[in-house]
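The values are calculated or read from the model by the stated rules, or taken from the named source; none is laboratory data. Since the structure is predicted, the reported quantities are computational estimates derived from the model, not experimental observations. Note that each Cβ is placed from the backbone with ideal geometry, even for glycine, and that neighbours are counted across all protein chains shown. When the accessible area is computed, the model is the full protein with side chains, heavy atoms only, and any ligands, DNA or RNA have been set aside. Shrake-Rupley method; radii C 1.70, N 1.55, O 1.52, S 1.80 Å.
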Amino acid sequence: MNWTKRYPGWTMFGAMVGLLIFLWGLAIPLSAAPAPIGPAAMQFAEGARITVWLTLIAGSVGVVLGVLAGMGKLSKFLPLRWVCDFYVWLIRGTPLLLQILFVWLVIPTVMPASVNLSDFACAAIALSLNIGAYNTECVRAGILAVPHGQIEAARALGLSPFQTFMDVILPQSMRVALPALANNLASLVKDSSLAYAISVVELTMVGYRVQAESYQPIPVFLTIATIYLILTTAFTTLTSALEAKLEVGQKR
Amino acid sequence: MNTSTTPTPIIVARNVDKRFGSFYALRNVSASFTEGQVTAIIGPSGSGKSTFLRTLNRLEKHDGGEIVIDGIELNDNLKHLDAVRREVGMVFQSFNLFSHLTILRNITLAPMRVRKMPKAEAEAKAMGLLERVGLKNQAYKYPVQLSGGQQQRVAIARALAMDPKVLLFDEPTSALDPEMVNEVLTVMRELAHTGITMLVVTHEMGFAREVADRVIFFDEGAILEDTTPQAFFTNPDHERAQAFLAQVRHGF
Ligand SMILES: Nc1ncnc2c1ncn2[C@@H]1O[C@H](COP(=O)(O)OP(=O)(O)O)[C@@H](O)[C@H]1O
Ligand SMILES: [Mg+2]
């Protein structure tokens with residue numbers, strides 16, 4: 001049993017604090033680096049913050065979407081099932097870049113002129129919809145994995161269908177779905193780089209700009225890759241600690 | 001109010017039918033149960049015993065006839081259903097403890113959610129019930145950490161936490177290793193003396209004979225015998241019941 005499994009609460013706390021300190025303080029060590037990294041330290045730090053924000057927002061909204069659509073796919077109400085099936089089919093069958101461009105170009109034309117969505121908001125919406133569709137399948141599988149006896153026990157005790165879902169089905173299905181959801185989140189950290197296409201200045205965009213100004217792609221891209229690795233590691237640690245936490249009471 | 005000479009029936013089933021497709025799992029079943037009565041329900045596998053219990057708290061909807069629990073008719077009215085499920089507890093063959101919750105949370109969940117009992121009160125009550133079933137020191141463990149016999153005692157405590165007037169047991173000892181059967185039967189025997197109404201589907205003939213006030217023998221979805229344990233075990237009316245008893249005795 002490793003440390004993450006033994007102290008999941010502390011690991012989660014540690015990973016979260018580590019992530020925050022990293023984001024907060026990233027500019028300090030970077031600014032000590034030689035050119036072209038040092039002078040652009042603030043830009044790198046800001047890019048990393050945008051990447052993390054995109055990931056956290058799309059990741060959270062994506063889980064909610066995944067739960068709602070996952071439930072919808074299992075609904076007895078046929079039209080709702082169709083809507084959810086269509087959503088997943090549409091998103092999984094088209095490139096993410098296309099989805100990002102679509103949201104960015106099409107939403108402003110259908111929204112009233114007073115609503116002004118930022119590029120960042122468009123990227124967040126597109127990424128949320130995207131990861132939500134992938135999460136849907138994981139959540140659905142998780143819900144189907146909950147033994148029927150658990151649901152019957154809850155109903156027999158007088159819990160309402162909603163209470164049964166919130167107190168029994170959802171936590172138990174999350175335990176099953178979490179590894180796959182975590183995978184999706186790790187991909188999201190990287191996929192968020194596609195937001196550069198609609199001029200969101202996230203990490204990859206920063207790298208692209210800095211190397212374009214300095215003509216030194218190697219140190220720039222090494223720096224960017226390192227920051228991505230640190231971010232994905234932090235997110236993976238966070239989710240595996242959460243997995244360990246939810247695994248209590250589970251047969252091994 | 002009725003006098004003690006004609007005790008109030010708490011469960012009335014009249015001409016109950018239950019079909020699965022074209023197959024009749026229950027056929028014109030009528031029986032009423034008075035408060036405090038302990039009834040053993042016996043019969044071959046597939047004879048409809050579980051189905052009968054499960055119609056009484058509407059885990060299965062009956063297709064014909066009527067069921068009235070403590071004056072409340074079981075039908076599509078959800079208010080009635082909620083009221084009935086609060087009065088009727090159920091203990092399952094496979095325990096069905098909530099695997100993601102501690103023993104204590106398993107017991108406090110329904111009182112807190114359904115009866116809106118404050119947490120401290122629910123926990124105090126749960127500890128009292130755990131003491132009663134001899135498992136006070138297991139409160140903070142998870143179901144997988146307990147033996148089958150212990151889990152089933154917790155399941156009984158969980159059902160009791162809702163203060164039901166009726167407890168339904170569906171083969172509560174059938175999934176247990178032989179050495180654990182008695183600890184569960186002991187708890188049930190004690191319960192039988194508390195005045196709670198019990199319907200127990202069981203293959204434990206010794207228990208039926210000693211503890212039950214009444215024996216019901218099911219065969220092919222119908223009640224074939226409805227009599228005292230004394231009469232049933234010494235001289236059953238029907239050949240099918242005689243054959244069943246001979247077979248059961250042979251098995252031990
Ligand atoms: N959900 C169901 N769908 C179809 N058939 C069922 C279902 N539940 C029970 N049955 C059938 O109904 C009959 C009675 O089942 P059950 O009440 O479980 O019997 P018992 O508990 O006496 O062994 C059996 O033939 C069983 O196959
Ligand atoms: Mg059965």
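The criterion of at least 2 residues that are more than 25 Å from residue B:229 (Cβ to Cβ) and within 10 Å of chain A (Cβ to nearest Cβ) is met by the following helices (runs of 4 or more DSSP H) wholly inside segment B:36-132: B:78-87, B:103-114. Selection of segment A:119-161 for residues being in a helix (DSSP H, G or I), within 14 Å of chain B (Cβ to nearest Cβ) and either charged (D, E, K, R) or more than 26 Å from the chain's Cα centre (by Cα) (or both) yields A:148, A:149, A:150, A:151, A:152, A:153, A:154, A:155, A:156, A:161. The residue of segment B:31-47 that is most open to solvent (accessible area, probe 1.4 Å), among those that are more than 15 Å from ligand 2 (Cβ to nearest atom) and not hydrophobic (A, V, I, L, M, F, W, C), is B:35. So, residue B:106, is that one surrounded by fewer than 23 Cβ atoms within 10 Å (Cβ to Cβ) and more than 16 Å from ligand 1 (Cβ to nearest atom) or not? Judged against the criteria, residue B:106 is not a match.
Only one entry in B:157, B:161 is of a type in the set (A, V, I, L, M, F, W, C), touching a residue at least 12 places away in the same chain (Cβ under 8 Å), more than 11 Å from every other protein chain (Cβ to nearest Cβ) and away from ligand 1 (no atom under 16 Å from the Cβ), namely B:157.
Looking only at residues in segment B:8-35 that are in a loop (DSSP other than H, G, I, E, B) and not acidic (Asp, Glu), the one that is nearest to ligand 1 (Cβ to nearest atom) is B:21. Selection of segment B:133-142 for residues being more than 8 Å from chain A (Cβ to nearest Cβ) and under 23 Å from residue B:181 (Cα atoms) yields B:133, B:134, B:135, B:136, B:137, B:138, B:139, B:141.
Residue B:151 meets the conditions (1) within 13 Å of chain A (Cβ to nearest Cβ); (2) open to solvent by less than 10 Å² (accessible area, probe 1.4 Å) in every case but one. The failed one is (2). Among the residues examined, residue A:47 does not qualify as open to solvent by less than 70 Å² (accessible area, probe 1.4 Å), touching a residue at least 12 places away in the same chain (Cβ under 8 Å), under 17 Å from residue A:184 (Cβ atoms) and not hydroxyl-bearing (Ser, Thr, Tyr).
The residues in segment A:79-118 that are open to solvent by 30 Å² or more (accessible area, probe 1.4 Å) and either at pLDDT 95 or above or not in a loop (DSSP other than H, G, I, E, B) (or both) can be counted, and the count is 25.
When B:210, B:204, B:190, B:171 are checked against the criterion of being of a type in the set (Asp, Glu) and within 14 Å of chain A (Cβ to nearest Cβ), a single residue qualifies: B:171. Looking across A:229, A:188, A:170, one residue alone is away from every other protein chain (no Cβ under 12 Å), open to solvent by 30 Å² or more (accessible area, probe 1.4 Å) and either of a type in the set (A, V, I, L, M, F, W, C) or part of a helix (DSSP H, G or I) (or both). It is A:229. Filtering segment B:195-211 to residues that are more than 22 Å from residue B:177 (Cβ to Cβ) and open to solvent by less than 10 Å² (accessible area, probe 1.4 Å) leaves B:197, B:198, B:199. A search for C-beta distances below 7 Å between a residue of segment A:109-127 that is of a type in the set (Val, Ile, Thr) and any residue that is surrounded by 10 or more Cβ atoms within 10 Å (Cβ to Cβ), counting only pairs 6+ apart in sequence or on different chains, returns A:125/A:103.
The requirement of being hydroxyl-bearing (Ser, Thr, Tyr) and either open to solvent by less than 30 Å² (accessible area, probe 1.4 Å) or at positive phi (or both) is fulfilled nowhere in segment B:14-30; no residue meets it. Just to be sure, is residue A:206 part of a helix (DSSP H, G or I) and within 30 Å of residue B:85 (Cα to Cα)? Against the criterion (part of a helix (DSSP H, G or I) and within 30 Å of residue B:85 (Cα to Cα)), residue A:206 does not qualify.
Based on what the data block shows, is residue B:61 surrounded by fewer than 23 Cβ atoms within 10 Å (Cβ to Cβ), within 16 Å of ligand 1 (Cβ to nearest atom) and farther than 30 Å from residue B:246 by Cβ? Walk me through how you get there before you give the answer.
Details: surrounded by fewer than 23 Cβ atoms within 10 Å (Cβ to Cβ): yes; within 16 Å of ligand 1 (Cβ to nearest atom): yes; farther than 30 Å from residue B:246 by Cβ: yes.
Yes, satisfied.
Answer yes or no as to whether residue B:53 is open to solvent by less than 40 Å² (accessible area, probe 1.4 Å), within 16 Å of ligand 2 (Cβ to nearest atom) and at pLDDT 95 or above. Taking the combined requirement at face value, the residue satisfies it.
Here is a yes/no grid of residues against (1) without any contact (Cβ under 8 Å) to a residue 60 or more places away in the chain; (2) open to solvent by less than 40 Å² (accessible area, probe 1.4 Å); (3) within 16 Å of ligand 1 (Cβ to nearest atom); (4) acidic (Asp, Glu):
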{"site": "B:169", "(1), (2), (3), (4)": "no, yes, yes, no"}
{"site": "B:174", "(1), (2), (3), (4)": "no, no, yes, no"}
{"site": "B:177", "(1), (2), (3), (4)": "yes, no, no, yes"}
{"site": "B:184", "(1), (2), (3), (4)": "yes, yes, no, no"}
{"site": "B:188", "(1), (2), (3), (4)": "yes, yes, no, no"}
{"site": "B:223", "(1), (2), (3), (4)": "no, no, yes, no"}
{"site": "B:244", "(1), (2), (3), (4)": "no, yes, yes, no"}
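Scanning segment B:114-148 for residues that are open to solvent by 40 Å² or more (accessible area, probe 1.4 Å) and hydrophobic (A, V, I, L, M, F, W, C) turns up B:120, B:124, B:127, B:144.
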